[in-house]
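The values are calculated or read from the model by the stated rules, or taken from the named source; none is laboratory data. The structure displayed is predicted, hence computed values, not measured ones. When we count neighbours, we look across all protein chains shown, and the Cβ atoms used for this are built from the backbone with ideal geometry, even at glycine.
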Amino acid sequence: MKIAFLGLGHMGLPMAKNLAASGHDVVGFDVSPAAVSAAGEAGLTTAGSGVDAATSADVVITMFQTGAQVLDAYRGTADAAGLLEVAASTALFIDCSTIAVDEARAAHALAAAAGHRSLDAPVSGGVVGAENATLAFMVGGSDDDFAAAEPLLQAMGRRIVHCGGPGLGQAAKVCNNMILAVSQIAVAEAFVLGERLGLSHQALFDVASNASGQCWALTTNCPVPGPVPTSPANRDYLPGFAGALMNKDLGLAEHAIDATGVEARMGMLARQIYRDYAAGEGAGRDFSGIIESIRAESA
Ligand code: NAD
């Protein structure tokens, strides 16, 4: 079984390496020559183009930045054939990029029209999860296609959840990250309020982490240094999960909120707060660094 892995960036390269290390025949490609050389140096077999990698492939995995990149690569351009055109018949297309739900559904429709099978399978767990093969995969598509992909996803991740039909992997990702954004802001506001009231960080942590305020934003990604030594706050907010990526994901949430008409006031406020954060230095800092903006803006 030939697997083409396209998009060898921060996430794609370690994922492709884990897939190859588990005994699969993987051929990688990236439009960035630097990414292709890094992949070659890491021992991955690489091709000269996306079309070369995908020709006669039984499985085509994509890990790009945007939905437009996925749709363009599937369809091809005036100068280059599309991946759907050159892959083996009834190939399985797995897109792991984080893209909008409607873009994912468009990708599924293109794959089906070309006689292929397809899944949307965005991930969480970041670069560390990609390197350690501990990613969580949220998968949308049919039961049969999920069953076919599961062993491959297991080589790159730890928790593989079939969320439902086409697009529902992306739906789960966007909903989860909206919860995360809102809760990270709430935890940061609570610490700043506690500071102003004379409460120590440790005391608030000891109470809230064992009470109803408990959440990942507090107990893993604690926005103040001290209580959780591994949180980004202890290394000057080095990511972690960068503000730019949270801003991107909240843009996808906003798109979904607009499309469905949901009254998501907290989600939209979080979207605005992280858009401002990512417009400055926050783009490259962990998203828990939002606490510094809250402190700075507090009278
Ligand atoms: P990245 O920019 O490092 O990698 C994307 C790669 O895709 C780039 O190297 C780019 O050159 C390549 N690419 C684009 N179009 C291509 C094409 N047609 N053919 C071949 N290669 C192409 O991004 P990343 O951090 O690896 O993230 C990838 C996706 O995963 C994004 O959608 C992101 O939102 C999501 N994600 C990232 C993280 C993270 O921590 N970095 C965590 C979870 C999800």
- Any idea how many residues of segment 73-85 are more than 13 Å from the ligand (Cβ to nearest atom) and either part of a loop (DSSP other than H, G, I, E, B) or touching a Ser or Thr at 6+ places or on another chain (Cβ under 8 Å) (or both)? 1
- Note on the structure: Expected single match for away from the ligand (no atom under 13 Å from the Cβ) and either part of a strand (DSSP E or B) or touching a His at 6+ places or on another chain (Cβ under 9 Å) (or both) among 93, 5 is 93
- Task: Have a look at 87, 54, 104, 81 and point out the one that is in the same structural domain as residue 12 (by TED's automatic domain parsing) and over 17 Å from residue 29 (Cα atoms).
- Result: 104
- Query: Can you tell me which residue in segment 153-166 is nearest to residue 267 (Cα to Cα), limited to those that are touching a residue at least 60 places away in the same chain (Cβ under 8 Å) and surrounded by 22 or more Cβ atoms within 10 Å (Cβ to Cβ)?
  - Reply: 166
- Query: Do the conditions hold for residue 233, that is, is it more than 15 Å from the ligand (Cβ to nearest atom) and touching a Pro at 6+ places or on another chain (Cβ under 6 Å)?
  - Reply: yes
- Item | Filter result for the condition that a residue is assigned by TED's automatic domain parsing to the domain that holds residue 251, farther than 20 Å from residue 52 by Cα and of a type in the set (A, V, I, L, M), over 156, 138, 178 | 178
- Condition check for residue 143: crowded, with 22+ Cβ neighbours inside 10 Å and at pLDDT 95 or above: no
- Return yes or no: is residue 231 at pLDDT 95 or above and surrounded by 19 or more Cβ atoms within 10 Å (Cβ to Cβ)? yes
- Item | Residue ID - farthest from the ligand (Cβ to nearest atom), chosen from residues in segment 237-279 that are in a loop (DSSP other than H, G, I, E, B) and under 15 Å from residue 185 (Cα atoms) | 237
- Task: Consider only pairs whose beta carbons are under 6 Å apart and that are at least six residues apart or on different chains; among these, list those whose first residue lies in segment 252-272 and is farther than 18 Å from residue 102 by Cβ and outside the structural domain of residue 104 (by TED's automatic domain parsing) and whose second residue is crowded, with 17+ Cβ neighbours inside 10 Å and of a type in the set (Val, Ile, Thr).
- Result: 266/182; 270/182; 270/185
- Item | Tabulated pairs, segment 49-74, first more than 19 Å from residue 153 (Cα to Cα), second more than 10 Å from the ligand (Cβ to nearest atom) and of a type in the set (Phe, Trp, Tyr), C-beta under 9 angstrom, 6+ apart or interchain | 74/93
- Item | 2 or more residues within 16 Å of the ligand (Cβ to nearest atom) and within 26 Å of residue 231 (Cα to Cα): qualifying helices (runs of 4 or more DSSP H) within segment 101-173 | 126-132
- Across segment 18-37, which residue is nearest to the ligand (Cβ to nearest atom) among those that are part of a strand (DSSP E or B) and not aromatic (Phe, Trp, Tyr)? 28
- Within segment 53-90, how many residues turn out to be under 25 Å from residue 14 (Cα atoms), surrounded by fewer than 16 Cβ atoms within 10 Å (Cβ to Cβ) and acidic (Asp, Glu)? 1
- Message: Against the definition (touching a residue at least 24 places away in the same chain (Cβ under 8 Å) and either acidic (Asp, Glu) or assigned to a strand (DSSP E or B) (or both)), how does residue 189 come out, yes or no?
- Response: yes
